[in-house]
Amino acid sequence: MNKKLSRNQTFLLITVPVLALFFCFNTLPLIKGLMYSFTNFRGFGSYEWVGFRNYADLFTDARVGKSYLFTFKFALLATVVTNVIALLLALGLNGKIRAKSTLRGVYFIPRILGGLVVGYIFGYIFTYILPAITGKGSMLSNTGTAWIAIVIVAAWQSIAQTTLIYISGLQTVPEDVYEAGAIDGATGWLSFKNLTFPLIIPFFSINMVLSMKDFLMVFDQIMAMTKGGPAQSTESISFLIYNNGMGGGQFGFQSANAVIFFIVIVAISVFQLNFTGKKEEQL
Amino acid sequence: MKKRVIATALVAAMLIGTVFSASGCSSEPNDGKTHITMLQYKPEAVKAFEKMEEEFNATHDDIVLTIESPNDAMTVLKTRFIKEDAPDIIGIGGDVNFSNFVDAEMLMDISDFEGLSLIKQAYKDIDKNLEFVPTEGVFAVPYVANAAGVLYNREMFKDNGWEIPTTWDEFMDLCETIEKSGQQPLYFGFKDVWTCLAPWNALACDLAPADVCRQVNKGETKFIDEYGEVAEKMLELLEHAQKDPFAYNYNDACTAFANGESAMYTIGSYAVPQIQSVNPDMDIDSFVMPGCDNAEDNVLNSGVDLQFCVTNDCENKEAAYEVLSFLLEDSTIQTYLDDQNAVPCKDKEFELSPALDGMLDYINEGKMTDYQDHYYPSEMAVDAQIQTFLIDGSVEKFLNKFDTDWLRYNRDIIRKVQEYEAGGNK
Amino acid sequence: MKKKNRVAATTNWPLTILLIAGCLTVIFPLYMAIVIAFKKPSEMTNDIAGALSLPKSWSLENFAEAMRVTDFWHSLGYSVMITVVTVVLAILIHSLAGYAIGRSMAKNKFYKISYLYIVSGMFVPFAILMMPLVKQTAQMGIDNWFGVILCYLVFYMPMNVMLYSGYLKNIPIALEEAAYVDGATTWTTYWKVIFPIMKPMHATVAVLTALGTWNDVMTPLVIMSGKGANTLPLAQLTFQTQFGTNYNLAFASYLLALLPILIFYLVCQKQIINGVVNGAVK
C-alpha cells in the first residue's frame, strides 16, 4: 500500500510542481510589475516612488478612457462575429463534404500569415480595392468605420483558431447522437439546437473566453492596420500599454493601466465562465 | 507503445536542443585583450559596420571590437540595461531616447575625448539641447545626420520650368501652378501618423523658436503662442494634397512619388532609398521648407541620425576612445557614406548624395535646427495629435490640448527644470 | 474502399460548393501575397490593375535572396527546435495538469482555485510581465532558448489546461474506473487509458501552441536580447527598417515560413479526425 500512491496523492504530485512553475514565471513577474505601477519607472535607469499617482491619473486620463471604450466595443463585435462564423464553418467542415482536408487547410491559412503580410494586403484592399468598388472613401481613414475594418481583419485571422477548437469539440459528439436524432425526426436547426450544441457547450465557453481575451488584448492587428489612427480612434488598451510603456517612457503608468486591465478582464471572464458553467450544469 | 513514441520524440527534441545551445553558446574568451562591444540601432547599415569591425580588428592588436546590429535594437538595448549587461558603446539616434538615457545617468561624460573637436558645432549644440536639464559634460559624438524639407522630382520641374520656391507665398503659388497644369503638387502618407511630423518639424524650424519646448518647461511661454502659424500652414499644405491623404501610408506615398504621381513630397532625406527602390533611376533633389515670408529666415531641419555614446558600464574608457577615433577617421566615414545616404557630422567636406543638392548651402553654413519632435515625449503621441488636428481642422482646440497634455506628460521633467532654474538663481 | 464509397454516396454537394466559394476570402489575399513575393520592388505600384497583375517573370530570386538574408536553414532549425520542444512538453505537462485539475475541481476546492488561478494568468498583459521576466531569466542564467521555452510553457498553460479539462468533461469517468478495478494506479491508468483517448485534443493543443510559438517575435527578442541565434520571425525583422520596408523579400520569406507550420497543421488535422474513430469505440 505504501508504494502505491492514492489518486489524490498523484493529483497533488502533478499539480503542485505545475503551480510552482506557473507562479515563478507568471505571478512573480506580475508582482514585480505591480510594484513598478507605484513608481515613475521608464523601463531603465533610476526611478522614484510616486504612491497612487499613476492610478489617480489613470482615472482622469481621457485617452485611457477612450481606449477602454474602443477596446470593449471592438471585442464585443469581434467575439460575436468570430464565434458565429467559426461555429458555422466548423459544422460545415465537419459535414459530409469533398476535399475536407484541403478545405480545412485553406481556412486555416489566415491564422499563419504574419502581421506584415496581413497589414499590407488588407491595407491595400481597404485603401484601393474597396473604394474602387463601392465608390466611397477608405474605411481606414474614417473615424466612424476604421474600427469595423479592424474587426473584419481580426475576425478573418482568428476564425481559423476558433473553428479548430469547435471542430475538435464536434469530435466528442458520437455519430449515434445524430442517427438517433434522425430517427426522431430532428434535422437541421433543431438537431443542432437540441443535440449537438448542448454537447459542445464546454467548447463554446472555452472559445468565448479565449476569443474575448484575444480581442480585448488586440495589438497586432492595430499595429498592422491603423497604428491607432485615424485621429486616435483605434487605440486599444494593449496598444497604449505596449507603445507608451515599452516604447515610450511611461512604464510605471502603463503598468498601473495593465494591472487595472487585468482585474477587469478577470472579472469579465469569471462572469462568463460562471454563466456558461450554469448552462452546462442545467443540461 | 504510445509512451515509447513520446519518449523518443522528447529525447530527440532535447538532443536537438543541446546541439543548438552548444553551438549558440560562446563565453568571453580570456585572451588578455581588451574587448569592446558596440550595439548600433541601424540594421540597414549592417554591411558598413561589419566592414568597419573587420578593419578595426585588423589594425588593432590589443583591442577586439564586436559590433552588434540587432533588429529592433532599441528594445534589445533596453533589455540589456535591465539585465545590467550594457554594451560599452551604443550607436543611437539623437532623439528623446538619448535625452532619457542622459537623464537616467546611464551614459559616460566623454568631454575629454579629443575627437569631439572634429565635429561641427551645430550638431554638438543639437545634442546639448536634447538634455532635459542642462547637464555638465558631453555624452555623445554626433556621427551622421539627416535632413528634412521637401523632396522634388527634378525631371518634372525641369520639363515644366518650375522654380524652386524660397518663400511661403512662392511655395503656395507653385502648388497652384502645378495643380493648374493638371498634376499633383504634394502627396502625403498621413495614415502613418509619424509622417505628419515631417512637414510639421520642417515648418516649426522656420516659424518657432528652436528651444520652444525648453521655454515651455521653464514656464516662459505656451505652445498656443508659438505654434499657431505652424499649425495654420499645415492646414494650407493639406489643401494641395491628394484626395483623402489619411487613407495612404508612408509606403503608398513613397511609391506614388516614385512613379511621378506627385511633383513634391514633404519628407526627409531618409526616404530616398525607399523611393529609389521603386524607381531606381529617379532624379530626386530637395529644398529647404520655405516656411517664412523672407527667404533668408528659412532654416534647414536637420538632426543627428546616428551618434555614439559610451555607457557607464564601460570598464575601459581608453579602448572605447580608440574605437571612437577610428570611427571618425575619414576613410571609416566614407565606408559608411558609401553604404548609407547620410550627412556626416565631421567638419570636413565629403561627397554627398545628389538628393541633398538643394540643402548643401545650409549644411555647409550650419544653418539648421533639430527636429522638434525629438523633444516630445513619445507617449504623448504628438504625431497622432497632429493627424487628429488635420482631420478636425481646429487650430485652437489642437494647441490648447497640446498645452494641457504637455504639462501632464512632462510633469517630472518640468519639476526638474524648475528646480534647476531655482537652484541657478540662488 | 468501403469508407470512400459511403462518403461519396452521401456527399453534401451544396455545402461543399458553399465552402469552396468561401475559400475566396482566403485565396484572394493569398494570391496578392504570392504575386508580390515574385515581383521586383520596381514593379510595385498603387494602381489596382498593376498590383493584381502577374509578375514579369516567375524568378525564384526573391526567395533565394530572402533565404540568404535570414540565414534561412539555420533560423528555421532554431525555430523548429524551440517549437518542437515546447509542443512536446506542453502536451505532456499540460495534459497531466488538465487531467489532475479537471477531474478533481468539481469536488475539491483546492483544484477549483488552482484552475481559476491558472486560467486567470492568461489575462495578464505580456507587457507588464516582460521587463521583470527579462531580469528574472537573466538572474537565473536562462536568458537563452531554454528560458524562452519555459516562458512559453507558462504562457500557454492556461489555454491548454482549459482545453484539456474541457475535453475531459465529455469523457466518462467509468472508463478509468474499469482500469482501476484491475489494480492499475492512477498514473498508469492515465497513460494507458486517458492519454490515448485525448488524442484529438493533443493535436489541437499541438497546433495552437505551435502557432503561437512559431510566429512569436517578442519573447525570444527580449529574453535572448539579440544574443545567440535568430529564430525565423526575429530574422524576418530585417526586412523592416525605420524608413523602409522591402515588401517583396519579406513576402517571399513569410511564405516560406508559412509552409512548415501549414504541413504540421495538416498532419495534426488528420489526428483530430482519426481520434473520432478511436473515441467512438467505447
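The values are calculated or read from the model by the stated rules, or taken from the named source; none is laboratory data. Only a predicted model underlies this, so the values are computations on that prediction, with no experimental measurement involved. Every residue, glycine as well, gets a Cβ built from its backbone with ideal geometry; the counts of neighbours run over all protein chains shown.
Just a yes or no: is a residue in the stretch C:52-64 part of a helix (DSSP H, G or I), more than 10 Å from chain A (Cβ to nearest Cβ) and touching a residue at least 60 places away in the same chain (Cβ under 8 Å)?
Yes: one or more hits.
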Inset, instruction - Being farther than 15 Å from residue A:258 by Cα and among the small types (Gly, Ala, Ser) is the filter; apply it to the stretch A:28-55 and report the residue that is nearest to the chain's Cα centre (by Cα). - result: A:51
Legend entry - Scope the stretch A:70-99; condition assigned to a loop (DSSP other than H, G, I, E, B), buried (at least 17 other Cβ atoms within 10 Å of the Cβ) and free of Cβ contacts under 8 Å to residues at least 12 places away in the same chain; matching residues: A:97
Inset, instruction - Need at least 1 residues that are among the aliphatic types (A, V, I, L, M), farther than 21 Å from residue C:88 by Cβ and facing chain B (nearest Cβ under 8 Å) per element, so show me which helices (runs of 4 or more DSSP H) inside the stretch C:198-264 make the cut, counting only ones lying wholly within it. - result: C:218-224, C:232-236
Inset, instruction - Sort out which residues of the stretch B:172-192 are surrounded by 18 or more Cβ atoms within 10 Å (Cβ to Cβ) and touching a Phe, Trp or Tyr at 6+ places or on another chain (Cβ under 9 Å), and write them in order of number. - result: B:174, B:178, B:186, B:187, B:188, B:189, B:190, B:191, B:192
Legend entry - Of all residues making up the stretch B:391-419, the number that are aromatic (Phe, Trp, Tyr) and either closer than 10 Å to residue B:217 by Cβ or not in a helix (DSSP H, G or I) (or both): 1
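Here is a yes/no grid of residues against (1) on the phi < 0 side of the Ramachandran plot; (2) within 23 Å of the chain's Cα centre (by Cα); (3) loosely packed, with under 14 Cβ neighbours inside 10 Å:
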| site | (1), (2), (3) |
| --- | --- |
| B:322 | yes, no, no |
| B:343 | yes, yes, no |
| B:376 | yes, yes, no |
| B:397 | yes, no, yes |
| B:417 | yes, no, no |
Legend entry - Residue satisfying condition, being in contact with a Pro (Cβ under 9 Å, 6 or more places away or on another chain), in the same structural domain as residue C:94 (by TED's automatic domain parsing), of a type in the set (Lys, Arg) and modelled with pLDDT of 90 or more, within set C:169, C:135: C:135
Inset, instruction - Within the stretch B:145-161, identify whether any single residue is on the phi > 0 side of the Ramachandran plot, at pLDDT 90 or above, surrounded by fewer than 20 Cβ atoms within 10 Å (Cβ to Cβ) and not β-branched (Val, Ile, Thr), and answer yes or no. - result: yes
Legend entry - Within the stretch B:69-83, tally of residues that are more than 7 Å from chain C (Cβ to nearest Cβ) and in contact with a strand residue (DSSP E or B) (Cβ under 8 Å, 6 or more places away or on another chain): 4
Legend entry - Subset of the stretch C:137-152 [facing chain A (nearest Cβ under 7 Å) and either surrounded by 24 or more Cβ atoms within 10 Å (Cβ to Cβ) or touching a Leu at 6+ places or on another chain (Cβ under 7 Å) (or both)]: C:151
Inset, instruction - Any chance you could count how many residues in the stretch A:70-99 are of a type in the set (D, E, K, R) and either within 22 Å of the chain's Cα centre (by Cα) or more than 8 Å from every other protein chain (Cβ to nearest Cβ) (or both)? - result: 1
Legend entry - helices (runs of 4 or more DSSP H) within the stretch A:100-188 that include 2 or more residues modelled with pLDDT under 90, within 30 Å of residue B:245 (Cα to Cα) and facing another protein chain (nearest Cβ under 9 Å): A:115-124
Legend entry - Subset tally (residues that are among the hydrophobic types (A, V, I, L, M, F, W, C) and not in a helix (DSSP H, G or I)) for the stretch B:29-64: 5
Inset, instruction - Can you confirm whether the stretch C:61-77 contains a residue that is more than 28 Å from the chain's Cα centre (by Cα) and at pLDDT 90 or above? - result: yes
Inset, instruction - Test residue A:106 against the criterion of being more than 18 Å from residue A:215 (Cα to Cα) and touching a helix residue (DSSP H, G or I) at 6+ places or on another chain (Cβ under 8 Å), and give yes or no. - result: yes
Inset, instruction - Look through A:37, A:67 and report the one residue that is farther than 30 Å from residue A:143 by Cα, more than 7 Å from every other protein chain (Cβ to nearest Cβ) and surrounded by 16 or more Cβ atoms within 10 Å (Cβ to Cβ). - result: A:37
Inset, instruction - Considering each residue of the stretch B:74-104, count those that are more than 23 Å from residue C:130 (Cα to Cα) and either in contact with a Ser or Thr (Cβ under 7 Å, 6 or more places away or on another chain) or part of a loop (DSSP other than H, G, I, E, B) (or both), and give that number. - result: 5
Legend entry - Unmet criterion (only one of (1) in the same structural domain as residue B:201 (by TED's automatic domain parsing); (2) surrounded by 22 or more Cβ atoms within 10 Å (Cβ to Cβ)) for residue B:384: (2)
Inset, instruction - Among the candidates A:131, A:110, A:174, single out the residue that is in contact with a Phe, Trp or Tyr (Cβ under 7 Å, 6 or more places away or on another chain) and surrounded by fewer than 21 Cβ atoms within 10 Å (Cβ to Cβ). - result: A:110
Legend entry - So residue A:22, is it in a helix (DSSP H, G or I) and either of a type in the set (Phe, Trp, Tyr) or more than 30 Å from residue B:381 (Cα to Cα) (or both): yes
Legend entry - Extreme residue, farthest from the other protein chains (Cβ to nearest Cβ), among residues of the stretch C:112-125 that are buried (at least 21 other Cβ atoms within 10 Å of the Cβ) and either part of a helix (DSSP H, G or I) or of a type in the set (Lys, Arg) (or both): C:115
Inset, instruction - Any chance you could count how many residues in the stretch A:228-245 are at the interface with chain B (Cβ under 8 Å from one of its Cβ atoms) and out of contact with any helix residue (DSSP H, G or I) (no Cβ under 6 Å at 6 or more places or on another chain)? - result: 1
Inset, instruction - Among the numbered conditions (1) touching a residue at least 60 places away in the same chain (Cβ under 8 Å); (2) part of a helix (DSSP H, G or I), tell me where residue A:243 comes up short. - result: (1)
Legend entry - Residue, farthest from residue B:385 (Cα to Cα), within the stretch A:205-227, restricted to residues that are more than 10 Å from chain B (Cβ to nearest Cβ) and touching a Phe, Trp or Tyr at 6+ places or on another chain (Cβ under 7 Å): A:207
